[in-house]
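Worksheet: one structure, shown below.
The values are calculated or read from the model by the stated rules, or taken from the named source; none is laboratory data. What you see is a predicted model, and the numbers here were worked out from it, not measured in a lab. All Cβ positions, even for glycine, are placed from backbone atoms using ideal geometry, and neighbour counts span all protein chains on display. Side chains included, ligands, DNA and RNA excluded: accessible areas come from the protein's heavy atoms. Shrake-Rupley method; radii C 1.70, N 1.55, O 1.52, S 1.80 Å.
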Number of protein chains: 2
Amino acid sequence: MMGDNEGRRTPLLNLGVQVSMRVLTIGAAMASMWVMITNREVASVYGIAFEAKYSYSSAFRYLVYAQIAVCAATLFTLVWACLAVRRRGLVFALFFFDLLTTLTAISAFSAAFAEGYVGKYGNKQAGWLPICGYVHGYCSRVTISLAMSFASFILLFILTVLTASAARHY
Amino acid sequence: MMGDNEGRRTPLLNLGVQVSMRVLTIGAAMASMWVMITNREVASVYGIAFEAKYSYSSAFRYLVYAQIAVCAATLFTLVWACLAVRRRGLVFALFFFDLLTTLTAISAFSAAFAEGYVGKYGNKQAGWLPICGYVHGYCSRVTISLAMSFASFILLFILTVLTASAARHY
């Protein structure tokens, strides 16, 4: 199967770029997930113990699950890009997979950012008080986790455009 | 310029599908924006007037701005698809534009959904009480607006895949 293109010199999907960017994406997504999972702080508010954990926020839980999915999907497409880079049809399918992963990454980032924003600034009209004043360390780590998840999104976005472009040459 | 492909029978970007889907996308995005902008309810909570308006939520404001951007971008790509459907390079650029619009749509939907989720279920650990029990009508309209913004995202997602696929044939 692999041999049928041997004679024709086909423009390669730049494998080096694909592999390095996918490894970076997996690294950023794992780091974002790890920082969020290990994020916990206990503070005392008017003498009452106040605990902040990522699992107390549905949007942060979504971010963690999404980063796990991004890691798994990108690992899969890393192998895919290596094995099937010459298969015409498969490069478009690779693009489609990258598109889904990118949409998952931006969706999770946006949801977590929205809830983090409320945590930092509160919502006066809804009566939701900001919490970052009490658990400053917790909020800083949320910010780091969000920044890394946005980095994995940017890498995936570039990969999506690259594979869409490559799909035209195959 | 338009004439140079006359001789060669090029597989057209299916203009009918492109135009109808883009018109539907604009309709869904405008409806989502309109329902959110006109969404307002006043309730009495323990004798105190409690007003719910979309502009009190940063994520809902983001949704409105994003839907305006989606409308403008899709109107632009509607004209683009009509005029430049045969230009090889331009179809890939059309894909890139669709990709950016799709990412904006899912990002805004996810952020608004996250904040809407807190409005409906609250966050006990953060001390944020749910508000939908007091302003039920307001929350129902938020749900409608979110549903329509998700519909515009799905249409844009399909358009992105179609133009990426078409870019391979031009």
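Screening region B:109-128 for residues that are open to solvent by 30 Å² or more (accessible area, probe 1.4 Å) and either touching an Asp or Glu at 6+ places or on another chain (Cβ under 6 Å) or among the hydroxyl-bearing types (Ser, Thr, Tyr) (or both) and picking the one that is nearest to the other protein chains (Cβ to nearest Cβ) gives B:Tyr117. Summed over region B:87-103, residues that are open to solvent by less than 20 Å² (accessible area, probe 1.4 Å) and free of Cβ contacts under 8 Å to residues at least 40 places away in the same chain total 1. Out of B:Ala73, B:Ala167, report the one residue that is more than 8 Å from chain A (Cβ to nearest Cβ) and in a helix (DSSP H, G or I). Step by step, each of B:Ala73, B:Ala167 is checked, and only B:Ala73 is more than 8 Å from chain A (Cβ to nearest Cβ) and in a helix (DSSP H, G or I).
Only residues that are in a loop (DSSP other than H, G, I, E, B) and touching a Phe, Trp or Tyr at 6+ places or on another chain (Cβ under 9 Å) were counted across region B:110-141, and they come to 11. What tally of residues in region A:36-50 results from selecting those that are open to solvent by 50 Å² or more (accessible area, probe 1.4 Å) and either among the acidic types (Asp, Glu) or not in a strand (DSSP E or B) (or both)? Number of matching residues: 4.
When each of B:Ile131, B:Ile106 is tested for being farther than 16 Å from B:Ala66 by Cα, within 11 Å of another protein chain (Cβ to nearest Cβ) and crowded, with 22+ Cβ neighbours inside 10 Å, the lone residue that passes is B:Ile131. In the condition set (1) away from chain A (no Cβ under 12 Å); (2) buried (at least 21 other Cβ atoms within 10 Å of the Cβ), B:Cys82 is compliant with all but (2). Here A:Val35 fulfils each of the conditions (1) modelled with pLDDT of 95 or more; (2) under 19 Å from B:Ala126 (Cβ atoms) apart from (2). Checking A:Trp80 against (1) more than 23 Å from B:Leu99 (Cα to Cα); (2) assigned to a helix (DSSP H, G or I), which single condition isn't satisfied? The single condition A:Trp80 does not satisfy is (1).
In this structure, B:Ser110 does not satisfy being touching a residue at least 12 places away in the same chain (Cβ under 8 Å) and within 14 Å of the chain's Cα centre (by Cα). All conditions in (1) open to solvent by 50 Å² or more (accessible area, probe 1.4 Å); (2) part of a helix (DSSP H, G or I); (3) more than 9 Å from chain A (Cβ to nearest Cβ) hold for B:Leu159, with the sole exception of (1). Applying the condition of being open to solvent by 20 Å² or more (accessible area, probe 1.4 Å) and part of a strand (DSSP E or B) to region A:51-69 and asking which residue is farthest from A:Asp98 (Cα to Cα) yields A:Glu51.
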